[in-house]
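Data first, discussion second: the structure below is written as structure tokens.
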Amino acid sequence: MKSKNQSAYRLAPWRKQMKRILTILMGTFIAAGVTMVYLSISERMTDVKLRIQLLQEERADYSRQIADLTTDEGILTAYKAMQQRAEQAGFTDIDFTDEDEFAYVIVDGYTGTGINTEAPVQDAPRIEYVSLVKPEYTQSLQEWLYKRITTGIESYEVSN
Amino acid sequence: MKSQIESRFRALLIFFSILSLVMVLRIGMLMMDESVIRMKMETEEDYEYMTVEVSSERGNIYDRQGYLLAGNTVSYTIALNLQHANGHGDFIADYIAPIFGLDRETVRASAEIPFEPGVSVEWTLTNYATKEQIEQLEITKNTLNRTYQNKNDKPEDLDAVIYYPNIHRYYPNDELAFNIVGFFPYRNPNSQAAYGIEQYYDDILSAKTISHRFSLDPNVPDRIPDIPNGASIVLTIDRKIQEICEQSVKDAVKINEAKSATVVVANPKTGEVLAMATYPSIDLNQYWESATAFTRDNKFNPAVMQPYEPGSVFKVLTMAIAIDTGAVKPSTIFNDTGVYTVMGTDIMNWDRGAWGPQSMVGCMQHSLNTCMAYITDLVGAEKFYQYLDAFGIGKPTNIELAQEDYYPVAKPGSSMWTQISLSTNSFGQGLMATPIQMVAAISALANDGVIMQPHIVREIRYNGQVEKIVPTEIGRPISAETARTVTEMLATSIEIEASDAQVRNIRIAGKTGTGEIAVEGLGYVLNTTNASFVGWGPADDPQFIAYVWVQEPTHSIWGSEVSAPLFSEIIENIAPYMRLPDDRTRKCLYTDVCPTQEPEEDYYYYYW
């Protein structure tokens, strides 16, 4: 049965239009807000990742430089190089049989020169790498959903 | 009119709904399409991920003082970007060839290899450019850029020449301790490390390279993995002692025109190897020379890789066995007639002479084969070979050096063994041992009957942790009393003989050896010998044991004339670096009595 009732008054057309415009604007603002938050986080994340890459390259470069300088030091202190420098500087071999030139002295606690370390003594472990980051933190939402849909279970693969 | 508009709107709505449905279905179909899925994956691969190569460095090797023996250095790969290089071959070759010492025509031809995207993009010219060459390249590039500041005026440039840093193995001491260190073939990194520590510890020294898919999606957290560098290894060798030994063996090979010479110096109380030198040698930075420098009869590290018939130095063990079993005493007399017959075969002395009645000291002093054959008969085959087992003869020592070889001893019951084997084995023929095996076995005499595990690694350092190698006892084949008795016998024998092995002001025990060499198909050949000497000291408290082997000397074939003086020279030169005072100084330092002159002969206590 069709209702015959009618409102006692109707909204003016401009009010209707205003209401629609405000609704659309509100929707637009919310969408823009979400987008801005998303973009801001994405931008920061991208920036951080780029910086990580740059620092990684820098670290690799420093690592190479350290290895190179260690070897340079090794070259400068190589036996023949030191012998040659000593001779050029006028040093001569010690006559170990001449007690005026060479004497033994007992020094309590002296164990000789060499590499000494305070590092803890432990078995040297084998080299292997396992990520400490759980897979939940390395998957995007899409990847997580995809795996849930295709396999029905959560993936616990260790990333590498 | 109104209902007409509504119906049109409704039709439009239906049309758009159907259109939307068709679009969704189409999108769904496309998403399921295999080629589209592949394209999506390829796109993801290209734009969403970046494959990052993460590498670590090969561990270093140090001597006991901390001097670097094996490290890593940076070199540069020089490549041409073919897209920019094409058409500029002559220009690039004119500048690049002299800087990097390359053939001009090769560089020109490389630059003209046609650029094909995805096929030929870059062409490597060399992988081993130095820092200085890179600096020179940069100067040349800058000079060209300054000359033609306006890019449009620049007819040609070197922008097509690009370079990347690499890291590769380097041995700063060149040939020092080459036989111990071994090498990593840096020009062929896919090959394995060869010889020595490099090969033995390749798994923990190795650099690791992993490829990591680094996500470029900002929503995907990711991290580039850390790979610790390979372990670093600290050796027990002292490079000064090693250098002295290397110089001495080199001189010995040249003076004696020998095939090779090897010396091992160790601490009998700990089993630490202080030096292990051999000649011929190679510069490890030119490791490819090893292919021509070493042969089957002259190996990379004979001290561990080359068993040989040691000859009379082996009598030290025979005498120790005889004394330990009680078969003889130092004062036991053997009447040498010059011949000792076993199963119809005559055993004779080195000089074919007869030395008459001899005490056991005399047997050792004159190195009588007949006497050794006699005392092993007294000991008996079963006990003799049990002792050899306990001394570790015929077994690897398990020192931390790659490719250790050994030669099993033929024992009673084996088809290779006869009764004559017992006699010949007693004076070091018919069996083979490496110098490191001999050092390990004879160190029991220098360490109160205890054999310590021979080792050449002092520490392994990995990722901030240190594993120290603790000296370990591996056997006690003879009693301490036997060890001291035989040491005293040999020290006396060296003194009486006035051997060339004597060390100035340090009393040592030792024995020469002249081992005959068996040639396949010919048997033992005349005038070709292995001249050896083993010695330890100071006789009253041994701090070192040294084994010298000169292979096939030509000027003299005798251990007493070739190896004994070499031993003496080496010990006199290395004693101060072992912090080993002479006997008189030791007495002054550690007792209240300080002799003012050289010690008298009766200063020592004799057992008989």
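For the range B:1-94, give me every one of the helices (runs of 4 or more DSSP H) that falls completely inside it and has 3 or more residues that are away from every other protein chain (no Cβ under 14 Å), surrounded by fewer than 10 Cβ atoms within 10 Å (Cβ to Cβ) and of a type outside the set (F, W, Y). Give the derivation first.
Working: elements: B:2-32, B:34-43, B:82-85.
The helices (runs of 4 or more DSSP H) meeting that bar are B:2-32.
Out of the residues in the range A:70-116 that are open to solvent by less than 80 Å² (accessible area, probe 1.4 Å), within 48 Å of the chain's Cα centre (by Cα) and modelled with pLDDT under 80, which is farthest from the other protein chains (Cβ to nearest Cβ)?
Ranking the candidates gives A:G109 first.
Among the candidates B:Q199, B:Q247, which residue alone is surrounded by fewer than 24 Cβ atoms within 10 Å (Cβ to Cβ), under 20 Å from B:K299 (Cα atoms) and outside the structural domain of B:P310 (by TED's automatic domain parsing)?
Details: B:Q247 fails: outside the structural domain of B:P310 (by TED's automatic domain parsing).
From the options B:Q199, B:Q247, the qualifying one is B:Q199.
Could you tell me whether any residue of the range B:527-540 is open to solvent by less than 10 Å² (accessible area, probe 1.4 Å) and within 14 Å of chain A (Cβ to nearest Cβ)?
So far as the range B:527-540 goes, yes, one or more of its residues are open to solvent by less than 10 Å² (accessible area, probe 1.4 Å) and within 14 Å of chain A (Cβ to nearest Cβ).
In the range B:348-381, what count of residues is obtained for those that are more than 23 Å from B:A491 (Cα to Cα) and either open to solvent by less than 10 Å² (accessible area, probe 1.4 Å) or not in a strand (DSSP E or B) (or both)? If you could, list the steps in order and put the result at the bottom.
Residues of the range B:348-381 more than 23 Å from B:A491 (Cα to Cα): B:348, B:352-354, B:377-381.
Now restrict to residues that are either open to solvent by less than 10 Å² (accessible area, probe 1.4 Å) or not in a strand (DSSP E or B) (or both): B:352-354, B:377-381.
So the answer is 8.
For the range B:553-560, does any single residue satisfy the condition of being under 31 Å from the mean Cα position of the chain (by Cα), part of a strand (DSSP E or B) and among the small types (G, A, S)? Full working, then the answer.
Within the range B:553-560, the subset under 31 Å from the mean Cα position of the chain (by Cα) is B:553-560.
Imposing the further condition that a residue be part of a strand (DSSP E or B) reduces the set to none.
The answer is no, given that none of the residues of the range B:553-560 is under 31 Å from the mean Cα position of the chain (by Cα), part of a strand (DSSP E or B) and among the small types (G, A, S).
Please determine, by comparing only the residues of the range B:282-316 that are of a type in the set (S, T, Y) and without any contact (Cβ under 8 Å) to a residue 12 or more places away in the chain, which one is least open to solvent (accessible area, probe 1.4 Å). Spell out the reasoning first.
Of all residues in the range B:282-316, those of a type in the set (S, T, Y) come to B:287, B:290, B:292, B:295, B:308, B:312.
Retained after the next criterion (residues that are without any contact (Cβ under 8 Å) to a residue 12 or more places away in the chain): B:292, B:295.
Working: B:T292: 118, B:T295: 79 Å².
It comes out as B:T295.
Inspect all residues belonging to the range A:21-29 and state whether any of them is more than 8 Å from chain B (Cβ to nearest Cβ) and under 30 Å from B:D174 (Cα atoms). Break it down stepwise before answering.
Restricting attention to the range A:21-29, the residues satisfying the condition of being more than 8 Å from chain B (Cβ to nearest Cβ) are A:21-29.
From what's left, under 30 Å from B:D174 (Cα atoms): none.
Checked the range A:21-29: no residue is more than 8 Å from chain B (Cβ to nearest Cβ) and under 30 Å from B:D174 (Cα atoms).
Taking the options B:K254, B:K259, B:K240, B:K269, name whichever one is open to solvent by 10 Å² or more (accessible area, probe 1.4 Å), basic (K, R), within 21 Å of the chain's Cα centre (by Cα) and away from every other protein chain (no Cβ under 11 Å). Please lay out each step first, then the result.
Details: B:K254 fails: within 21 Å of the chain's Cα centre (by Cα); B:K240 fails: away from every other protein chain (no Cβ under 11 Å); B:K269 fails: within 21 Å of the chain's Cα centre (by Cα).
Of B:K254, B:K259, B:K240, B:K269, the one residue that is open to solvent by 10 Å² or more (accessible area, probe 1.4 Å), basic (K, R), within 21 Å of the chain's Cα centre (by Cα) and away from every other protein chain (no Cβ under 11 Å) is B:K259.
Return the total of residues in the range B:245-289 being closer than 11 Å to B:V550 by Cα and among the aromatic types (F, W, Y).
The total comes to 1.
Within the range B:506-521, can one find any residue that is farther than 30 Å from B:T554 by Cβ and in contact with a helix residue (DSSP H, G or I) (Cβ under 8 Å, 6 or more places away or on another chain)?
Residues of the range B:506-521 that are farther than 30 Å from B:T554 by Cβ, as a first pass: B:506-507.
The next check asks that each one be in contact with a helix residue (DSSP H, G or I) (Cβ under 8 Å, 6 or more places away or on another chain); those that pass are B:506-507.
Among the residues of the range B:506-521, at least one is farther than 30 Å from B:T554 by Cβ and in contact with a helix residue (DSSP H, G or I) (Cβ under 8 Å, 6 or more places away or on another chain), which makes the answer yes.
With the requirement that a residue be more than 7 Å from every other protein chain (Cβ to nearest Cβ), in contact with a Leu (Cβ under 8 Å, 6 or more places away or on another chain) and farther than 27 Å from B:Y76 by Cα, what does the range B:198-224 give you?
Scanning the range B:198-224 gives a single hit, B:Y200.
Does B:E467 qualify as being more than 19 Å from B:Q543 (Cα to Cα), within 14 Å of chain A (Cβ to nearest Cβ), in contact with an Asp or Glu (Cβ under 7 Å, 6 or more places away or on another chain) and open to solvent by 10 Å² or more (accessible area, probe 1.4 Å)? I'd like the intermediate steps shown before the answer.
Numbers: more than 19 Å from B:Q543 (Cα to Cα): yes; within 14 Å of chain A (Cβ to nearest Cβ): yes; in contact with an Asp or Glu (Cβ under 7 Å, 6 or more places away or on another chain): yes; open to solvent by 10 Å² or more (accessible area, probe 1.4 Å): yes.
Yes; evaluated as a whole, the condition is true for this residue.
The values are calculated or read from the model by the stated rules, or taken from the named source; none is laboratory data. None of the values given here were measured: they were computed from a predicted structure. For neighbour counting, all protein chains shown are included, and Cβ atoms are generated from backbone atoms with ideal geometry for every residue, glycine included. Please note that ligands, DNA and RNA were not included when accessible areas were found on the heavy atoms of the full protein model with its side chains. Shrake-Rupley method; radii C 1.70, N 1.55, O 1.52, S 1.80 Å.
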